[in-house]
Amino acid sequence: MLELRLVQGSILKKVLESIKDLVNDANFDFSSSGLTLQSMDSSHIALVALLLKSEGFEHYRCDRNTSMGMNLGNMSKMLKCAGNDDILTIKGDDVSDTVTFMFTSDLVREIFFYKIADFEMKLMDIDNEHLGIPEAEYHAIVKMPSAEFARICKVLASIGDTGDIGTANIVLRQNTTVDKPEDATVIEMNEPVSMTFALRYMNTFTKATPLSNTVTISLSPDLPVVVKYKIAEMGYVRFYLTPKMEE
Amino acid sequence: GLEQSDLGSYFMRF
């Protein structure tokens, strides 16, 4: 028996929008501590790791560890049927090969338009390869406004990486003299680090911008970069990307 | 040129 209720159903919608362009099919792993997902893109150079802790759900019942394979494109289509203010309930069981998403509008504010919609989606068998990602010390950790990071990635990608139209150089300095803490740029540097990454992937990661006002980018020369979007009170979406290096 | 390695060369597969 699996039953989860998320008052802010829009969180799962945003999670799906942030990962569906990177990964087509993925296993959602449910345990008593929460919902996790780990999946690589088809070229195996980028990885997404999701955590939604059980405490972040209004109701969370998971009698035994369950893994559900879902097509993220189809799941996104179903979640798009939910209003942004809808409460989302996910239901599953051990015998059927389907998962049910139920959307209910807020009873208090929409008392005259009370609505329940449910969508049943077929599950699939996915042979998911898991990677063990150890905790690591990073040379540099940058915490900055997520919208600013998205803008920088977009601008650089539009200029391109061939040098045909010229070059772009963006310097981001630490800035903590801001009214709101989420507007700060904080650079923790233990050692200088210089790395090259595929902007196409970075741009895909920035689809997670609506999930968090800030993003944390952790860099070490011998490790994939980690781009982390914290989901308030619930967990995170983390993206890993291998660096481009001289062969 | 610049090349990208598989994630498996950084993290352990299981």
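The values are calculated or read from the model by the stated rules, or taken from the named source; none is laboratory data. Values in this document were obtained by computation on a predicted structure and should not be read as measured data. Cβ: placed from backbone, ideal geometry, glycine included. Neighbour counts: every protein chain shown.
Each row is one residue, and each column tells you yes or no for (1) more than 23 Å from the chain's Cα centre (by Cα); (2) not aliphatic (A, V, I, L, M).
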| position | (1), (2) |
| --- | --- |
| A:104 | yes, yes |
| A:128 | no, yes |
| A:136 | no, no |
| A:162 | yes, yes |
| A:182 | no, yes |
| A:196 | no, yes |
| A:204 | no, yes |
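Just for the range A:70-82: of the residues that are over 17 Å from the mean Cα position of the chain (by Cα) and surrounded by 17 or more Cβ atoms within 10 Å (Cβ to Cβ), which one is modelled with the lowest pLDDT? Among those that are over 17 Å from the mean Cα position of the chain (by Cα) and surrounded by 17 or more Cβ atoms within 10 Å (Cβ to Cβ), it is A:82.
Exactly one residue out of A:181, A:145 is away from chain B (no Cβ under 14 Å), free of Cβ contacts under 8 Å to residues at least 12 places away in the same chain and out of contact with any Pro (no Cβ under 7 Å at 6 or more places or on another chain): that is A:181. When the range A:83-104 is filtered for residues that are among the hydroxyl-bearing types (Ser, Thr, Tyr) and either free of Cβ contacts under 8 Å to residues at least 12 places away in the same chain or surrounded by 19 or more Cβ atoms within 10 Å (Cβ to Cβ) (or both), the ones remaining, listed by number, are A:89, A:96, A:104. Entry remark, the range A:117-152: residues being of a type in the set (S, T, N, Q) and assigned to a strand (DSSP E or B) number 0 in total.
Among (1) at positive phi; (2) buried (at least 20 other Cβ atoms within 10 Å of the Cβ), which single condition is residue A:243 missing? Against the list (1) at positive phi; (2) buried (at least 20 other Cβ atoms within 10 Å of the Cβ), residue A:243 comes up short only on (1). Taken over the range A:213-242, the residue count meeting the criterion of being assigned to a loop (DSSP other than H, G, I, E, B), in contact with a Pro (Cβ under 8 Å, 6 or more places away or on another chain), within 14 Å of chain B (Cβ to nearest Cβ) and at pLDDT 95 or above is 2.
Listed residues A:208, A:184, A:198; which is among the aliphatic types (A, V, I, L, M), in contact with a Lys or Arg (Cβ under 9 Å, 6 or more places away or on another chain) and at pLDDT below 95?
None of the other options fit; the residue is A:198.
Among the conditions (1) among the aliphatic types (A, V, I, L, M); (2) within 30 Å of residue A:198 (Cα to Cα); (3) more than 17 Å from the chain's Cα centre (by Cα), residue A:35 misses just one, which is (3). Is it fair to say residue A:193 is more than 14 Å from chain B (Cβ to nearest Cβ), touching a Leu at 6+ places or on another chain (Cβ under 9 Å) and more than 30 Å from residue A:8 (Cα to Cα)? Taking the combined requirement at face value, the residue satisfies it. Summed over the range A:35-65, the residues that are in contact (Cβ under 8 Å) with a residue 60 or more places away in the chain, closer than 23 Å to residue A:97 by Cβ and surrounded by 17 or more Cβ atoms within 10 Å (Cβ to Cβ) give a count of 5.
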